[in-house]
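The values are calculated or read from the model by the stated rules, or taken from the named source; none is laboratory data. Everything quoted here is computed from the prediction, not taken from an experiment. Here the Cβ is made from the backbone with ideal geometry for all residues, glycine too, and neighbour counts use every protein chain on show. To get the accessible areas, we keep the full protein, side chains included, count just its heavy atoms, and leave off ligands, DNA and RNA. Shrake-Rupley method; radii C 1.70, N 1.55, O 1.52, S 1.80 Å.
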Amino acid sequence: MRDQLRRRQYLEAMGIQTWTLRVAGVAVAEPPPADAVVGGAELESERPVPGVEVQVPPTEGYFEARPPQPAESAGAVNVTSPVGVGPGEAHPAGKGAAVEQLDWAQLEARVADCGACGLHATRTQAVFGVGDRNADLLIIGEAPGADEDRQGKPFVGRAGQLLNAMLFAMGFQREQVFVANILKCRPPGNRDPRPEEAAHCEPFLLRQMELVQPKVILAVGRISAQHLLRTAEPVGRLRGRVHAFGSRGIPLVVTYHPAYLLRSPDQKPKAWQDLQRVMQLLGDGATAS
Ligand code: SF4
């Protein structure tokens, strides 16, 4: 019954209509079954462009330009910078230390001062990530948008509100999870992150993972999922199963980006299935299959 209530809260927050079954005099709210949802838009473009209805092919240009990853290390929690950079080395906090040796304060300072890729020139500020630094659930999105760049926090604005509703339906407040992005700085014009930018920024995220030690990772959206899993598969094919991330095999679930769900509400029941999978993993002690 509690699950039903949570599901209903999520669906209603998402604007999904529910109907009521009456069984032996008991009213039970039911969402439409996911497999009844049509539309099939598995291509996901999670970065909104005002006034433009975008359907961007999910893989074009992103992974084609990425250096090949050895199969055994794909997605590994390897905090060595793939490009040999020392982002923000001039900052006194942790100066000279490798990223994988930094504590939280040093890491945050390093990110704030980072100039390792061209995005530092156009950002208002770096968006480090927020939440419980000992969280069981780590949520990883793509990159800051305009609102995030202004406020210095990930997932604000309408997409952030939707993420909050999703978390609430799972039984979490935002403060109880840790939320970060693949990129810490906003790509201008809300364009997709470039492979070289993601490579430069990756050590920061990997260090955050090492520090948080999450039980489950939720990869939110195409860029996040494809980058973490080293794949060009669309989100629609990556979701619906549990991946193992890194040498520790952290269970990783893929779902749609809230910004995409705002534009494609018919996909929300599928997102709810993904969230239920995360809840099950957390409840089960989180082991990847
Ligand atoms: Fe540094 Fe990452 Fe920002 Fe690029 S996006 S400047 S690598 S913090």
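In the range 113-161, how many residues are free of Cβ contacts under 8 Å to residues at least 24 places away in the same chain, within 16 Å of the ligand (Cβ to nearest atom) and within 16 Å of GLY221 (Cβ to Cβ)?
Count: 0.
Working only within the range 113-151, note down all residues that are more than 20 Å from the chain's Cα centre (by Cα) and open to solvent by 60 Å² or more (accessible area, probe 1.4 Å).
Within the range 113-151, ASP113, HIS120, ALA121, THR122, THR124 meet the criteria.
Looking only at the range 237-273, count every residue that is small (Gly, Ala, Ser) and over 19 Å from GLN226 (Cβ atoms) and tell me the total. Walk me through it before giving the result.
Narrowing the range 237-273 to residues small (Gly, Ala, Ser): 240, 244, 246-247, 249, 259, 264, 271.
Those still in the list that are over 19 Å from GLN226 (Cβ atoms) too: 247, 249.
The total comes to 2.
Name the helices (runs of 4 or more DSSP H) wholly inside the range 162-257 in which the number of residues that are within 16 Å of the ligand (Cβ to nearest atom) and either over 17 Å from PHE128 (Cα atoms) or touching a helix residue (DSSP H, G or I) at 6+ places or on another chain (Cβ under 6 Å) (or both) is 1 or more. Talk me through it step by step, then tell me what you get.
Values: elements: 195-212, 222-229, 235-238.
Because the criterion is at least 1 residues that are within 16 Å of the ligand (Cβ to nearest atom) and either over 17 Å from PHE128 (Cα atoms) or touching a helix residue (DSSP H, G or I) at 6+ places or on another chain (Cβ under 6 Å) (or both), the helices (runs of 4 or more DSSP H) in the range 162-257 that meet it are 195-212, 222-229.
Return the pairs, sorted by first residue and then second, in which the second residue is assigned to a helix (DSSP H, G or I), the first residue lies in the range 269-282 and is among the β-branched types (Val, Ile, Thr), the beta carbons are less than 8 Å apart, and the residues are 6+ apart or on different chains.
That search, which allows pairs on different chains as well, returns VAL278/MET170.
Considering only the range 244-267, state which residues are more than 28 Å from ARG207 (Cβ to Cβ) and open to solvent by 10 Å² or more (accessible area, probe 1.4 Å).
Those that are more than 28 Å from ARG207 (Cβ to Cβ) and open to solvent by 10 Å² or more (accessible area, probe 1.4 Å): LEU262, ARG263, SER264, PRO265, ASP266.
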